[in-house]
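The values are calculated or read from the model by the stated rules, or taken from the named source; none is laboratory data. Treat the numbers as computed from the prediction; the structure is a model and nothing was measured. Don't worry about glycine lacking a Cβ; one is built from the backbone with ideal geometry, like all the others, and counts go over all protein chains shown. To get the accessible areas, we keep the full protein, side chains included, count just its heavy atoms, and leave off ligands, DNA and RNA. Shrake-Rupley method; radii C 1.70, N 1.55, O 1.52, S 1.80 Å.
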Amino acid sequence: MSFVVRCIDCNHTTPFFPTSMNCPRCNSQWREAEYDYESIGRTIASQISSRTHDLWRFRELLPVRNVHPAIMLGEGGTPLIQAINLGMMLGCPNIYIKDERQGPTSSFKDRQAAVTIAALKEAGITEMVAASTGNVAISYSAYCARAGIKLWAFVTSLVPAVKMREIAIYGSQVIKVTGSYDQAKQVAAEFARQRNLYLDMGARTITSIEAMKTIAFEVSEQLTSMLSHSARSTGKLNPIWRAPDWYIQSVSGGMGPLGVYKGFAELQKMDLIDHVPALAGIQSEGCAPMVQAWKDHSDIAAPVKSPRTHIETLATGDPGRAYTLLSKHVNETHGVFESVTDQEAFQAMHVLAKMEGISAEPAAAVAVAGLFKLVRAGVIKSTDVVVVNCTGHTMPTEPSVLGDNWARNVVMPNQTMEETPQEGLLAALSRVAPDRFPCIALIDDSADARRLIRRILQSQGNFSIHEADNGRQGLKVIEVERPDLIILDLMMPEMDGFAVLDALKAKPETADIPVIVSTAKELTSEEKDKLKGQIQALMQKGDFLSDEFLEEVRSLLG
Ligand SMILES: [Zn+2]
């Protein structure tokens with residue numbers, strides 16, 4: 001390992017020591033690790049091929065000399081999962097989830113804790129202080145426990161009790177601060193100063209930024225093997241890895257995206273990729289100082305004094321200089337800052353879980369909701385390769401996401417003289433699910449379209465859905481099932497949607513069933529006239545994610 005620490009304010013370089021926080025020349029706390037990219041770039045791709053898939057795979061580019069296996073917990077090396085269903089729904093097939101839930105404590109902060117604690121252990125540190133909105137303290141606690149370092153964890157009293165207990169179980173001292181996260185940071189800093197203890201400095205911590213880089217390294221290496229086409233060549237470079245077009249992450253203090261940006265930038269310096277992806281930083285609307293500043297074209301973010309979001313993990317009201325640095329990178333990469341409401345985040349969390357089997361925490365869902373918003377706005381194009389950072393567990397917010405009636409009870413009856421045990425069980429089960437869910441007939445010759453519509457409907461409620469892949473089959477299904485609603489494609493071979501409509505209207509028993517027509521093509525005015533009065537709604541394919549479609553379905557089903 002050979003690298004120096006360079007001050008971003010006066011350019012002064014020093015050797016790295018984890019407890020030295022300030023530039024000895026100008027006292028700045030904003031410094032960056034700098035490696036010999038030319039020599040590392042020549043060898044790293046071939047050297048890592050035989051290494052295990054954890055973040056130490058990229059050890060030449062990390063600020064730790066010898067990582068002791070005794071403090072490793074399997075950090076990094078998380079899967080990159082293609083979100084095939086979301087991709088179909090959004091009309092944007094190359095969406096990938098960097099599944100940071102699969103870290104040792106289920107969040108991307110495990111990288112930060114792994115690298116920082118390894119460096120502190122190497123430096124002989126035995127006690128440290130961190131302020132946290134939850135996840136950082138949990139990650140640090142796990143690694144501190146393993147490394148024999150005492151952690152003082154300052155958390156705001158708004159952090160859910162389950163998270164606080166999770167911090168405590170590792171033996172960390174939890175200190176609840178009744179106040180904002182920014183105030184908790186101030187108290188923690190004062191405590192560390194008085195006792196002369198190591199303090200986690202968020203985005204100013206060199207080991208933390210360095211740790212986050214590994215997300216960029218892994219994503220680029222993984223995408224290269226997942227995407228069939230090879231990296232776009234610019235002519236002068238011969239990149240061997242593939243960077244995404246977009247990298248999306250929810251932002252609180254900014255450390256994650258700052259580190260990930262540095263990772264991509266280093267890969268580009270080493271000619272391993274040919275571009276740095278556009279960065280999209282997504283914040284919760286109730287605490288969006290970065291989004292506000294960026295939309296105002298300001299280099300400085302005005303602090304949000306009282307964050308109004310249920311998503312406590314994202315409640316950094318005062319991002320300080322991290323915003324100034326991050327906004328520079330966002331602009332350089334032609335990225336964006338965007339905000340979403342808590343409600344949009346909870347909805348995205350539900351959609352992600354039901355469509356992809358990925359249950360993320362609300363903070364990660366903010367990034368997913370941001371993805372939906374950017375695709376709908378046309379900022380992200382259908383051909384773009386998009387990676388979304390997904391972290392955490394749903395535990396604390398599940399009730400508000402699911403609403404009421406998410407579980408049904410089976411109460412086992414007391415056996416009476418008149419009932420056999422089986423009868424009692426059947427009676428109990430009949431109360432668990434109604435005999436009949438609203439019934440929908442789905443007639444479309446495209447299997448992909450049917451699968452997509454089915455998934456969207458199923459992600460929103462209980463429906464019994466019957467499919468047909470042509471008009472004639474569709475009429476049979478309708479006759480047998482007597483659906484409450486028909487979703488009908490127009491362009492089908494043999495018997496098209498118009499003919500199906502004529503047949504339905506000709507029979508009194510089917511004439512009144514509501515019909516939503518879905519079509520991929522622009523209709524002529526003649527065709528539109530033909531549909532007038534015959535159908536309840538006309539949806540353009542690709543619009544199915546819109547609330548309008550689901551509202552239409554709900555209202556037609558009463
Ligand atoms: Zn300096």
Applying the selection to region 96-114, what residues are in contact with an Asp or Glu (Cβ under 9 Å, 6 or more places away or on another chain) and within 18 Å of residue 380 (Cβ to Cβ)?
97, 98
Counting just the residues of region 167-185 that are free of Cβ contacts under 8 Å to residues at least 60 places away in the same chain and of a type in the set (D, E, K, R), which one comes out most open to solvent (accessible area, probe 1.4 Å)?
176
Need the failing condition index for residue 68 against (1) exposed (fewer than 14 other Cβ atoms within 10 Å of the Cβ); (2) under 19 Å from residue 112 (Cα atoms); (3) within 16 Å of the ligand (Cβ to nearest atom), just the number.
(3)
Any residue in region 311-331 that is within 18 Å of residue 386 (Cα to Cα), more than 15 Å from the chain's Cα centre (by Cα) and open to solvent by 10 Å² or more (accessible area, probe 1.4 Å)?
yes
Of everything in region 127-163 that's in a helix (DSSP H, G or I) and among the charged types (D, E, K, R), which residue is farthest from the chain's Cα centre (by Cα)?
146
What's the total number of residues in region 485-511 that are outside any helix (DSSP H, G or I) and either free of Cβ contacts under 8 Å to residues at least 24 places away in the same chain or within 17 Å of residue 469 (Cβ to Cβ) (or both)?
12
Please work out which residue is farthest from residue 120 (Cα to Cα), limiting yourself to region 2-18 and to residues that are away from the ligand (no atom under 12 Å from the Cβ) and loosely packed, with under 14 Cβ neighbours inside 10 Å.
2
Could you identify the single residue in 91, 87, 76 that is open to solvent by less than 30 Å² (accessible area, probe 1.4 Å), out of contact with any strand residue (DSSP E or B) (no Cβ under 8 Å at 6 or more places or on another chain) and more than 16 Å from the ligand (Cβ to nearest atom)?
76
Determine whether region 48-61 contains at least one residue that is polar (S, T, N, Q), more than 15 Å from residue 211 (Cα to Cα), open to solvent by 50 Å² or more (accessible area, probe 1.4 Å) and touching a strand residue (DSSP E or B) at 6+ places or on another chain (Cβ under 9 Å).
no
